[in-house]
Amino acid sequence: MLTTAISGVFSISAAALFSFSLLSKLVDRMVSLSVGILLATSLLHALPEAFESGADTHALFALLLAGLLGFFLLEKFAILRHSHHHEDDGHGHEHGHDAKEAGAAGWMILVGDSLHNFTDGILIAAAFLADPHLGILTGLAIIAHEIPQEIGDFIVLLNAGFSRKRAYAYNIISGLTAVVGGIVGYLMLDQSQEWIPYVLVFASSGFIYIAVSDLMPQMQRRASMRETIPQIVLIALGVAIVLFLTGHAHAH
């Protein structure tokens, strides 16, 4: 519960701080760090944990494929729905569009976020039930990718006419659905342990998809050597954090 609350509230508060003070350089850095954490958590910890559980390997791979394609379709649907409000990177926004439409986009973002956070809560619960260290790592991975995403959401909400206070308050409420998801996940998965490997694979497909399709293309736009070296260092740092934490997990 603590991890779900922190992942919800901390990431939103950090995003608010960045959005309102526009420390965009730090946001770019967060994206690189996120890629390292997301990919390493999925590929070096969650997936091996799922595949070593004795669950059917073919079913797990099929779910990984379904997850990747599912996230692709979900994103397509979301992009089609608010193509008026986002430029490609999700952080820009067009001016001069209808205010009512913008308001609707603001509410859609909040509903989408609440569902997203609820699912994150279930994923954190599944990870904790598999291994407490994996739970902490999953929480960390979720925080790392939520901050850049929440900044994009704040920009859409402010653009939709929400005041800063209202945007922050509604985002916090949406963030707390992660705690509800955590409780639901714990109660459901505790009863049916055999589902845990499948939830871990599904979570991994989301992490890999976000890293490879959303975050890496943003980083590719900054092609200069001056931008590339910090990106590589921060990806490596993200991987190192995961290896450090999982190393400790295996040592125990």
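The values are calculated or read from the model by the stated rules, or taken from the named source; none is laboratory data. Everything numeric in this text was worked out from a predicted model, so none of it was measured. When the accessible area is computed, the model is the full protein with side chains, heavy atoms only, and any ligands, DNA or RNA have been set aside. Shrake-Rupley method; radii C 1.70, N 1.55, O 1.52, S 1.80 Å.
Largest to smallest in accessible area, the residues 195, 107 fall in the order 195, 107 (1.4 Å probe, all protein chains included). Relative to its Kirkwood radius, the Cα radius of gyration of the range 183-252 gives an Rg/Rh of 1.14.
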